[in-house]
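Peer 1: Before we start, here is the structure in question, set down as structure tokens.
The values are calculated or read from the model by the stated rules, or taken from the named source; none is laboratory data. Given the structure is predicted, the values throughout are model-derived calculations rather than measurements. Heads up, the Cβs are rebuilt from the backbone with ideal geometry, glycines too, and the neighbour counts pull from every protein chain shown.
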Amino acid sequence: MTNEFTQFIETTVAQTKALEKAYRLAEWEAAATGTPEANRRQQEAHAAYLRLLADPERHATAKRLHESGKAADPLTARQLKIIYLVTGENQQDEATIQQLTRLEAEIREQYYNFRGEVGGKKLSDNELDGILTKSRDSAEVQAVWEASKQVGAQVADQVRELARVRNAAARAQGFRDHFQRSLTLNEIDEGELLALFAQLEAATHEPFARLKAEVDAARAAHFGIPVSALRPWHYGDRFFQSPPEMGEVDMDALFADKDPVQLATTTYDGLGMDVRDILARSDLYAREGKNQHAFCTDIDREGDVRTLNNLEPNHRWNETLLHELGHAVYDKYLDYSLPWLLRTPPHTLSTEAIALMMGSLTYDREWLEQIAGVPAAEAAKVSAAARVRERALRLIFTRWVLVMTNFERLLYADPGRDLDTLWWDLVEKYQRLTRPEGRRRRPSERSGGSAPDWAAKIHVALYPVYYQNYEIGHLVAAQLQDRLRQHAGGIVGRKAAGQWLVERFFRPGASEEWAAHVKTATGEALTPQYFVDALG
Ligand SMILES: [Zn+2]
């Protein structure tokens, strides 16, 4: 029996290891160069990797061994469960794979090539965002915001179709719909998630209402209009995911003459974590053709950890580099004597928690003074403003995630329902934005007078049922920050904090599922209390 267990794991690992590494390398090449050949090689490597995981026989064996409960020890049991979950996510027949790949590719192409049209002029996403952030002209931001939603109308029918195909695949496996399948195979209990989000809704209701009133007053003044005339295009962001600039301290100015690489190295040195080898393997600066975003990748689970960035001396890229290196040190300081399958964080949200916590140091008073070298005279003012901004970010982001997660739940429950109205019902409820007149469906008309604005959000189509990971990551980060304060007095410049993180959070890898891991590491099951307290 034991032999069958270990043999199955060994065979699976031997095959997975090679294909995963080939895929990670191809993905890195494609991001670094952006050439059509590199993109094609990435697609091929990805397909080969997915084909391995789609093997129904392997999944059936993993399921049988996992459910037998007869693994010799907890680490063997955990490895079997991981194979069961990962292959479970990839169980679809060839026809479904074809349909999904085709729909996703068609939709992706439309998002990537989309240029919102304003007055006959086509604008890129960056140009649209730039105008929304800076403009003081109400008519202009309305036109730009409406242009940014044009892509929604283009793809809406295909996104509904995609949801139906995903649902059919989920039902073939006995799940209610894709929402439930996706959470279950990512070890998130749907009931617990909804209860947690209801708690967050209640806890942020009042503080968000107060913040929103402040934002409204500032935005009305910015545009020279009454508060009652504010519409979603007045908030400096296509979806009101983050706070508009409200005349606080210019964070970018603090970083204009500083080197992000040096600040990050000093930050991690302070924790006793060496990031020099990671930086040496990383691709740090912008180039023609290179991916314009940032990510971190663990190529082989044997120490080849790299990040891709497009560094500039401003706040955003300092935060991003600290964030990506947070993912990287997690991978670097894992226990490499663990079995290969467990040499990874237990969940995306676990590594996201570390990355978010490290990135948010750029709002931390100690970090601003000790690492960024903000002069003492300015430090108090800057850190007070940074704190206000960070709190606004968390509150606004939380209300936005409530929209996304509740929308996705209802989308997969019935892709054919009136999603246009549903979207604005949720936006009004959670984000307290006023639904624009053109987006209101009057009961008397079956079509027209409404718009599929939900489909303008790329995550709904291409990164489904994912947003909850960021929110839970924030909650885990807040709980960790509390423990680090108790244990080491904080994070910045404290080797004891780094040691605590490595030993309690990083080293165990995926040997426990994420929720149990949080409890073992912090001595307490995940609670939203620390996150909520920090918003007070
Ligand atoms: Zn991240």
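Peer 1: Specify the residue that is surrounded by the most Cβ atoms within 10 Å (Cβ to Cβ); the eligible residues are those in segment 314-336 that are away from the ligand (no atom under 15 Å from the Cβ) and charged (D, E, K, R).
Peer 2: LYS332
Peer 1: May I ask you to verify whether ALA26 is touching a helix residue (DSSP H, G or I) at 6+ places or on another chain (Cβ under 8 Å) and either assigned to a helix (DSSP H, G or I) or farther than 24 Å from SER282 by Cβ (or both)?
Peer 2: yes
Peer 1: List every residue pair whose Cβ atoms sit under 6 Å apart, with the two residues 6 or more apart in sequence or on different chains, where the first one lies in segment 310-338 and is among the aromatic types (Phe, Trp, Tyr) and the second, anywhere, is within 15 Å of the ligand (Cβ to nearest atom) and part of a loop (DSSP other than H, G, I, E, B).
Peer 2: TYR330/PRO345
Peer 1: Report, by residue number, each residue of segment 267-308 that is basic (Lys, Arg), over 25 Å from LEU19 (Cα atoms) and modelled with pLDDT under 95.
Peer 2: ARG287
Peer 1: VAL227 passes all but one of (1) free of Cβ contacts under 8 Å to residues at least 40 places away in the same chain; (2) crowded, with 17+ Cβ neighbours inside 10 Å; (3) touching a helix residue (DSSP H, G or I) at 6+ places or on another chain (Cβ under 6 Å); which number fails?
Peer 2: Of (1) free of Cβ contacts under 8 Å to residues at least 40 places away in the same chain; (2) crowded, with 17+ Cβ neighbours inside 10 Å; (3) touching a helix residue (DSSP H, G or I) at 6+ places or on another chain (Cβ under 6 Å), only one is false for VAL227: (2).
Peer 1: With the checklist (1) of a type outside the set (Val, Ile, Thr); (2) part of a helix (DSSP H, G or I); (3) on the phi > 0 side of the Ramachandran plot in hand, flag the one item GLY373 doesn't pass.
Peer 2: Condition not satisfied by GLY373: (2).
Peer 1: Would you mention how many residues in segment 396-437 are without any contact (Cβ under 8 Å) to a residue 60 or more places away in the chain, surrounded by fewer than 19 Cβ atoms within 10 Å (Cβ to Cβ) and touching a Ser or Thr at 6+ places or on another chain (Cβ under 7 Å)?
Peer 2: The total comes to 1.
Peer 1: Follow-up question, since we're still on this one. Would you please name the residue that is surrounded by the most Cβ atoms within 10 Å (Cβ to Cβ), looking only at residues in segment 299-313 that are assigned to a strand (DSSP E or B) and within 13 Å of the ligand (Cβ to nearest atom)?
Peer 2: Here the residue is THR307.
Peer 1: Let me ask something additional. I'd like the residue in segment 344-391 that is among the polar types (S, T, N, Q) and within 16 Å of the ligand (Cβ to nearest atom) and, out of all such residues, is farthest from PRO207 (Cα to Cα).
Peer 2: Step by step, filter segment 344-391, then rank; the result is THR344.
Peer 1: Looking at segment 258-272, is at least one residue away from the ligand (no atom under 15 Å from the Cβ), without any contact (Cβ under 8 Å) to a residue 60 or more places away in the chain, under 30 Å from LEU85 (Cα atoms) and not small (Gly, Ala, Ser)?
Peer 2: No, segment 258-272 contains no residue that is away from the ligand (no atom under 15 Å from the Cβ), without any contact (Cβ under 8 Å) to a residue 60 or more places away in the chain, under 30 Å from LEU85 (Cα atoms) and not small (Gly, Ala, Ser).
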